[in-house]
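One structure is given below, encoded as structure tokens.
A short reminder: the numbers here are calculations on the coordinates, not readings from a lab. Keep in mind that this is a model prediction, so the values were computed, not measured. All Cβ positions, glycine included, derive from the backbone under ideal geometry; neighbour counts span all protein chains shown.
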Amino acid sequence: YWGTASGCASITLKYFNDDTSLANAMQNGDIQMAVPLDGNENKRMASMPNTQLVEGQSTRIRMIAYNTGISSIFCDQHVRRASSYAMDINTVLSADPFGGQIVRGPISPLSPGYEDLSGTYPHDPQKARSLFSYFSAAYLGKITFLVPLGMSNIGNALGSQLNATGGFRVNVEEVDENTMKQRIHDGKYDLALTWMNHTLDSGAYADTKSTYLFQDHESQKYFAQAMKSTNAEGYESNIKQYAKELNNYAVSNWMYARKSIVVAKSNVSGYPTNMTDQLLPLHDVNVK
């Protein structure tokens, strides 16, 4: 073997059904490193002796999907823009134990072609009211907002922001992951609090087979050119234009790229910190 030697002779992987069991194992000394599932024990693990919680970045973007199909009022770009001003990102971000970096576009900071769009669509109720004023209350009417299980409070808070600025009557529905996917696929929703899970998901808005397809010549052109690029510079330039075009039309309400979290004992080093929700390279992990 001519490669670099691994940091440890062996590493045992243990799988847990929930963060409480994971944290208990860390506290009892049964494990030396942990990748949290939902983050509800992050503070507890960070407070354990000789233990550190390390933040990294991921390509997972929390967003509110807008149904841009003709069956929904969110096919109207003015309604989407107004709604993006109406809803406060911090309502969702502050409730996420992992935290995150505001992005406002479909490209994460770790991904090629990322450009900082965080200054667009700031929370601005007055701006939202002004944009919504073009529509009658009857036109805006009742909308369906899908949220993950256990997140009805967040959905209701965002719904109240939409009601206060646009007069929407918001029906918040808690659904499981499979139901969420199916309802989005079938177009049976107006808003959906969901995720883009990795860089490749950003192409969904130009994919004719995707439920997120956005009928816009310019954005589809830029994405096609990016896919045909023969070098990194060409790809990044076109992806930036693609993201700007989608952002301009407020195709979705992209909020933040979730942080990646690793908890480890102080005698452990060499572990990855980025994208640990997707990849876990352990070659360089070392225990003193």
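Count the lysine pairs in the chain whose Cα atoms sit under 25 Å apart, keeping only pairs 8 or more residues apart in sequence or on different chains. Number of lysine pairs found: 25. Coupling constants for segment 20-36 follow from the phi torsions by the Karplus curve (6.51 cos²θ - 1.76 cosθ + 1.60, θ = phi - 60°), and in residue order they are 5, 5, 4, 5, 4, 5, 5, 5, 7, x, 6, 9, 10, 8, 9, 10, x Hz; glycine and proline get x. Divide the volume of the convex hull around the Cα atoms of the chain by the residue count and you get 152 Å³ per residue. For segment 253-274 versus segment 31-106, the inter-centroid distance based on Cα atoms is 14 Å. As a length-normalised measure over Cα pairs under 8 Å and 6 or more apart, the relative contact order of segment 216-288 settles at 21 percent. Scanning residues 5 or more positions from residue 60 or on other chains, those with amide H under 5 Å from its amide H are 258, with H placed 1.01 Å from N in the peptide plane.
In percent, rounded to a whole number, the relative contact order of segment 62-257 is 35, using alpha-carbon pairs under 8 Å and six or more apart. The simple spin-label model puts a point 7 Å past each Cα toward its Cβ; for residue 228 and residue 267 those points are separated by 5.9 nm.
Per residue, the chain reaches -9500 deg cm²/dmol at 222 nm when only DSSP H runs of four or more residues are counted, each adding -39500 (n - 2.57). Distant-in-sequence amide contacts of residue 254, defined by a placed amide H-H separation under 5 Å and a gap of 5 or more residues or a different chain, comprise 64. The mean sequence distance of close C-alpha pairs (under 8 Å, at least 6 residues apart), as a share of the length of segment 1-155, puts its relative contact order at 18 percent. Taking only the alpha-carbon positions of segment 1-149 and ignoring solvent, what does the Debye formula give for the base-10 log of I(q)/I(0) at q = 0.10, 0.17, 0.18, 0.21 Å⁻¹? Debye output, listed in q order: -0.58, -1.09, -1.16, -1.35.
For segment 39-136, chymotrypsin sites (Phe, Trp or Tyr not before Pro) are listed when DSSP marks them as loop and at most 14 other Cβ atoms sit within 10 Å of their Cβ; the list is 134. Peptide packing for 256-269, 30-43 was compared via the average number of neighbouring C-beta atoms within 10 Å per residue; ordered from the highest value, the list is 256-269, 30-43.
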